[in-house]
Amino acid sequence: MQKGFSYVLFDLDGTLIQSEFGIIDSAVYALEKCGIAVEDRSTLKKFIGPPVYTSFTEFYGFDEARALQAVAWYREYYEREGVYAAPLYDGVRQMLTELKAAGKKLALVTSKPLEMAEVVLAHHGIRDFFMTVSAPDKKERFSIKEKLTAAALDALGVRDKRDAVMVGDRRFDMEGAKGASIAAIGVLYGYGSAEELLQAGAAALARTPGEVTALCTEGLAAGTAAAQTGDE
């Protein structure tokens, strides 16, 4: 099995930042504007991962017009307050620092609109770690992780896809990597379960950002046992 990767692509929400606070607050705001009271905020963690438009249509059955209005209200709150309520996970800055020091070329791949992704990166002072940011335009209703991942690979100039890996916390990240023909590492400190990540194609699992660093620099063998068993 290959040892290490030259190119490392990262998801944002649930992988680099603990985004539940701002996302849930924004979803509550939008739903209340739509006349829907939220009794259990924890149920809104399902908004973390998929595009916002998709969340409103799939989880609440909104038609196109209502979903678009809900997205507008969601973004109204998110852009004002929610975007700043998402701290970096402990160890993320060190992980990025060590990977860059090791000569890895990093990219960000996120379903969050590009404008907001750039705000988050600048807010935390980590923009310079990434050679490119692959994210949808604000006007796009849907964002397909496979296409975003492929765009990042092109921007990085990847020739041998065996030399690239995606790191994320949800099935969307694993599926995007698979669709783009690269390996994927699932992180267990985010919002997806080991079962979800493995079923979606994770080649290895990481419990901490430090383990992500090891898997990206030393190879996937260290994570093989966890990936096979789903051991958390």
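The numbers here are math on the coordinates, done by the rules we state, and not lab data. From a predicted model like this one, the values you see are computed outputs, not experimental measurements. Because the Cβ atoms are built from the backbone with ideal geometry, glycine has one as well, and the counts that use them run over all protein chains shown.
General observations
- Structure-based [θ]222 nm, the chain - -39500 (n - 2.57) summed over DSSP H runs of at least 4, per residue, nearest 500: -13500 deg cm²/dmol
- Of 105/147; 105/145; 45/104; 33/147; 33/145, pairs whose Cα-Cα distance is over 25 Å: 45/104; 33/147; 33/145
- Once the gyration tensor of the Cα atoms in the chain is diagonalised, the equivalent ellipsoid follows with semi-axes of 30, 18, 16 Å, ordered largest first.
- Where labels lie 7 Å past Cα in the beta-carbon direction, separation of residue 181 and residue 139 in nm: 3.2 nm
- Selected from 190, 49, 103 as most flexible by GNM, with the chain as the system and alpha-carbon contacts under 10 Å: 103
- Ranking of 97, 57 by count of other Cβ atoms within 10 Å, fewest first: 97, 57
- Label point distance in nm, residue 146-residue 79, each placed 7 Å from Cα along Cα→Cβ: 3.1 nm
- Cα-based shape type of the range 20-84, given that a ≥ b ≥ c are square roots of the gyration tensor eigenvalues and the cut on a/c is 1.5: rounded
- Cβ crowding within 10 Å averaged over residues, with 159-165, 12-18, 35-41, 50-56 ranked highest first: 12-18, 50-56, 159-165, 35-41
- Principal-axis tilt of helix 145-156 within the chain, Cα atoms, nearest 10 degrees: 50 degrees
- Degrees between helix 20-33 axis and first principal axis of the chain (Cα, 0 to 90, nearest 10): 20 degrees
- Nearest-0.05 FRET efficiency for residue 127 and residue 34, computed from C-beta distance (R0 30 Å): 0.30
- Where labels lie 7 Å past Cα in the beta-carbon direction, separation of residue 90 and residue 69 in nm: 4.5 nm
- Fraction of the pair-distance distribution of the range 144-214 above 20 Å, Cα-Cα pairs, percent: 25 percent
- For the range 157-221 and the range 41-114, distance of Cα centres in Å: 18 Å
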